[in-house]
Amino acid sequence: MLIQESNEDELADALAVEAAAFGSDVEAGLVSDLLNDPSAQPSLSLLAYENDEAVGHILFTTVHLGSAASIKAAILAPLAVMPEYQNQGVGSQLVEEGLRRLAEEGVELVFVLGYPEYYSRFGFQPAGVLGFDAPYPIPEKDADAWMVRAPSPGIQGIVKARIVCADSLMKPEYWFE
Ligand SMILES: CC(C)(COP(=O)(O)OP(=O)(O)OC[C@H]1O[C@@H](n2cnc3c(N)ncnc32)[C@H](O)[C@@H]1OP(=O)(O)O)[C@@H](O)C(=O)NCCC(=O)NCCS
């Protein structure tokens with residue numbers, strides 16, 4: 001499998017994967033909005049190819065920590081794998097490659113709102129109890145779905161912040177199921 005950064009030329013591939021994986025145009029619309037949103041930059045958009053076919057897509061965009069503007073942070077949203085390629089490691093490889101590239105860029109914290117059982121395998125842990133508030137309050141029953149990865153001991157306990165995402169993501173509909 002080949003994983004490569006996607007840009008304008010591959011946008012249609014990314015949107016097709018998102019639409020097929022989610023069975024809706026909502027996430028494809030979000031990807032399109034975020035890639036055109038200056039407040040989301042820098043962003044990292046990766047596509048996974050199998051035999052020249054786009055089979056997975058992941059997007060990371062910049063977020064800010066209200067009280068600690070110097071800390072580089074990103075959010076993972078969305079992640080999508082074509083239905084016929086799911087459960088074959090495509091999503092995992094995209095997450096791991098994305099996290100590797102972000103670390104190279106000095107990104108210290110990565111947030112996600114997603115399945116705890118899935119993202120915990122990459123080192124994500126519940127973010128609320130560590131003092132990182134989501135842009136909108138997450139209902140108590142879903143609290144574990146708001147996660148952060150790799151808060152170093154130096155950051156943990158010092159930084160208590162509400163995360164501010166790109167304008168395109170600061171919409172309540174993306175934070176409530
Ligand atoms: C969720 C998704 C991205 C996972 O990608 P994938 O390539 O299918 O997953 P991988 O092959 O990397 O990992 C497979 C493992 O993830 C687990 N997994 C898959 N979907 C899961 C889910 N919704 N919740 C919890 N675990 C899940 C599988 O059970 C499997 O576990 P195992 O390794 O213990 O057997 C993919 O199924 C998908 O695109 N789903 C539809 C869109 C979506 O829900 N995106 C996630 C938004 S947070």
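The values are calculated or read from the model by the stated rules, or taken from the named source; none is laboratory data. In this text the structure is predicted, and so the values were computed from the model without any measurement. FYI the Cβ positions are ideal-geometry reconstructions off the backbone, even for glycines, and counts take in every protein chain you see.
Is it the case that the stretch 154-162 has a residue that's charged (D, E, K, R), in contact (Cβ under 8 Å) with a residue 12 or more places away in the chain and surrounded by fewer than 21 Cβ atoms within 10 Å (Cβ to Cβ)? Let's see the steps before the verdict.
Filtering the stretch 154-162 down to residues charged (D, E, K, R) leaves 160, 162.
Within this subset, residues satisfying the condition of being in contact (Cβ under 8 Å) with a residue 12 or more places away in the chain are 160, 162.
Still in the list and also surrounded by fewer than 21 Cβ atoms within 10 Å (Cβ to Cβ): 160, 162.
Among the residues of the stretch 154-162, at least one is charged (D, E, K, R), in contact (Cβ under 8 Å) with a residue 12 or more places away in the chain and surrounded by fewer than 21 Cβ atoms within 10 Å (Cβ to Cβ), which makes the answer yes.
Within the stretch 105-132, track down each residue that is outside any strand (DSSP E or B), more than 16 Å from the ligand (Cβ to nearest atom) and of a type outside the set (Val, Ile, Thr). Please lay out each step first, then the result.
Initial filter on the stretch 105-132 (outside any strand (DSSP E or B)): 105-108, 114-123, 127-131.
With the extra rule that they be more than 16 Å from the ligand (Cβ to nearest atom), the set shrinks to 105-108, 128-131.
Within the stretch 105-132, Glu105, Gly106, Glu108, Gly128, Leu130, Gly131 qualify.
So Val90 ticks every box in (1) surrounded by 15 or more Cβ atoms within 10 Å (Cβ to Cβ); (2) within 18 Å of Ala40 (Cβ to Cβ) but one. Which box is left unticked?
(2)
Collect the residues in the stretch 7-18 that are within 16 Å of the ligand (Cβ to nearest atom) and touching a residue at least 40 places away in the same chain (Cβ under 8 Å), keeping them in residue-number order. Talk me through it step by step, then tell me what you get.
Residues of the stretch 7-18 within 16 Å of the ligand (Cβ to nearest atom): 13-18.
Scanning the stretch 7-18 gives Asp13, Ala14, Val17, Glu18.
Quick one: count up the residues across the stretch 133-177 that are β-branched (Val, Ile, Thr) and in a loop (DSSP other than H, G, I, E, B). Give the derivation first.
Here is the first cut: in the stretch 133-177, the ones β-branched (Val, Ile, Thr) are 138, 148, 155, 158-159, 163-164.
From what's left, in a loop (DSSP other than H, G, I, E, B): 138, 155, 158-159.
Selection size over the stretch 133-177: 4.
Can you tell me how many residues within the stretch 136-153 are within 19 Å of Glu27 (Cα to Cα) and either surrounded by fewer than 17 Cβ atoms within 10 Å (Cβ to Cβ) or away from the ligand (no atom under 16 Å from the Cβ) (or both)?
The total comes to 1.
Kindly indicate whether any position in the stretch 144-167 is under 17 Å from the mean Cα position of the chain (by Cα) and at positive phi.
Yes: one or more hits.
Can you tell me which residues in the stretch 109-129 are closer than 19 Å to Ala40 by Cβ and either surrounded by fewer than 20 Cβ atoms within 10 Å (Cβ to Cβ) or in contact with an Asp or Glu (Cβ under 7 Å, 6 or more places away or on another chain) (or both)? Walk me through how you get there before you give the answer.
Residues of the stretch 109-129 closer than 19 Å to Ala40 by Cβ: 109-114.
The answer is Gly114, and nothing else.
Could you list, in sequence order, all residues of the stretch 165-177 that are out of contact with any Pro (no Cβ under 6 Å at 6 or more places or on another chain) and modelled with pLDDT of 95 or more?
Here is the first cut: in the stretch 165-177, the residues out of contact with any Pro (no Cβ under 6 Å at 6 or more places or on another chain) are 166-169, 171-177.
Scanning the stretch 165-177 gives Ala166, Asp167, Ser168, Leu169.
For residues that are among the hydroxyl-bearing types (Ser, Thr, Tyr) and more than 17 Å from the chain's Cα centre (by Cα), scanning just the stretch 7-66, find the one that is surrounded by the fewest Cβ atoms within 10 Å (Cβ to Cβ).
Residues of the stretch 7-66 that are among the hydroxyl-bearing types (Ser, Thr, Tyr), as a first pass: 24, 32, 39, 43, 45, 49, 61-62.
Next, from what is left, pick out any that are more than 17 Å from the chain's Cα centre (by Cα): 24, 49.
Values: Ser24: 10, Tyr49: 16.
Per the criteria, the residue is Ser24.
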